[in-house]
1. Suppose the filter is closer than 30 Å to F115 by Cα and assigned to a helix (DSSP H, G or I); does S55 pass it?
2. Between a first residue in segment 111-126 that is touching a residue at least 60 places away in the same chain (Cβ under 8 Å) and a second residue that is surrounded by 16 or more Cβ atoms within 10 Å (Cβ to Cβ) and among the acidic types (D, E), which pairs have beta carbons less than 8 Å apart while being 6 or more apart in sequence or on different chains?
3. Restricting attention to segment 1-52, and to residues there that are part of a helix (DSSP H, G or I) and of a type in the set (D, E), which single residue is nearest to I206 (Cα to Cα)?
4. If you check L234, L183, which single one turns out to be crowded, with 20+ Cβ neighbours inside 10 Å, closer than 16 Å to V140 by Cα and modelled with pLDDT under 90?
5. Kindly establish whether S61 is over 23 Å from T187 (Cβ atoms), surrounded by fewer than 20 Cβ atoms within 10 Å (Cβ to Cβ) and in contact (Cβ under 8 Å) with a residue 24 or more places away in the chain.
6. For segment 270-285, enumerate the residues that are within 28 Å of A127 (Cβ to Cβ), part of a loop (DSSP other than H, G, I, E, B) and at pLDDT 80 or above.
7. On the given criteria, is I98 under 30 Å from N174 (Cβ atoms) and not in a strand (DSSP E or B)?
8. Among the residues of segment 1-26, write down those that are closer than 29 Å to R75 by Cα and either surrounded by 19 or more Cβ atoms within 10 Å (Cβ to Cβ) or among the acidic types (D, E) (or both).
Amino acid sequence: MFACINHPERRASASSGSTPLCAQCFFSLVEKKAKTAIERYGMIKPGDRVCVGLSGGKDSSALLLMLKKLAPMIRISSLVAITLDEGISGYRDEAIQIAKSLTERLGIDHTIIRFRDLFGVELDSIASKNIKNLCSTCGVLRRRALDIAAREAGCNVIATGHTREDNAQTFLMNLVRGEPQRLARTTPNTKGIEGFIPRIKPFWYINEREVALYAYLSNVQFQENACPYRTDSLRLQVLTTLKKIEKICPNVSIALTRSIERSACGLSTGYRLKSCMICGYPSTKEICKACQLTIGLA
């Protein structure tokens, strides 16, 4: 049995690297990392109404819990949770129930937005058409749905539970796709992208293991099963590659985070887009990707 390095009288429940920590010290460490990211990148201003995209998974559930706890210190006016129901049979129903349970426990307003109501189609139906890049299609619709729902809820900031590894994966995916214009979306705060509600990533400096431990030690229930449509995504392939690299270079996600900070962060300032001729949302093209998809799927 190991003792907490800061409080020898306490049993270690977690660790930071090889340093044993009790639950209280671990919470303090992880929350300090989140506060550092929030303050360094100006993610939240006093009085902000923050929307958390709550999927029911460990990352978003831990984020909602942490922001609720930190709200008085970072002066959040109010928190709202929004869960997207893409229409995935046998998968999303469980996540919605978990999300409902957590928001009731925390006393946070919770809204559920369904793909079929916004776009007239569910992901199961899209998948049955055997289209390529299903995960990318879902991602486009999810981002649009979350932005619409956040506006309707009167929120001016959207917080997502992207971990350090998630950000590294996204950064590499954009490079692999040859889409440098998307690098601005990889940043910890997208406030410089005109026309969209700013998206923030309080877990910018926090890795996946730390987030999972934070949720576990907080007795947060979360969905453990992965999306059934995830099996052949580019993100999954990039994740597999990153894990192989980590065996040789254990700090690769830290190095990539620094690369993003040095390169992509400058792109978020003054990042201007056109207006989609159909929906009016910002876009790099005359018709945004969300409209292209919904027209094509109709």
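1. Against the criterion (closer than 30 Å to F115 by Cα and assigned to a helix (DSSP H, G or I)), S55 does not qualify.
2. L123/E86
3. Ranking the qualifying residues of segment 1-52, first place goes to E31.
4. Matching residue, one of L234, L183: L183.
5. The answer is no for S61.
6. Scanning segment 270-285 gives C276, I278, C279, Y281, K285.
7. No: the conditions fail for I98.
8. A14, L21, C22, C25, F26
The values are calculated or read from the model by the stated rules, or taken from the named source; none is laboratory data. Treat the numbers as computed from the prediction; the structure is a model and nothing was measured. Every residue, glycine among them, receives a Cβ derived from its backbone with ideal geometry; neighbour counts consider all protein chains shown.
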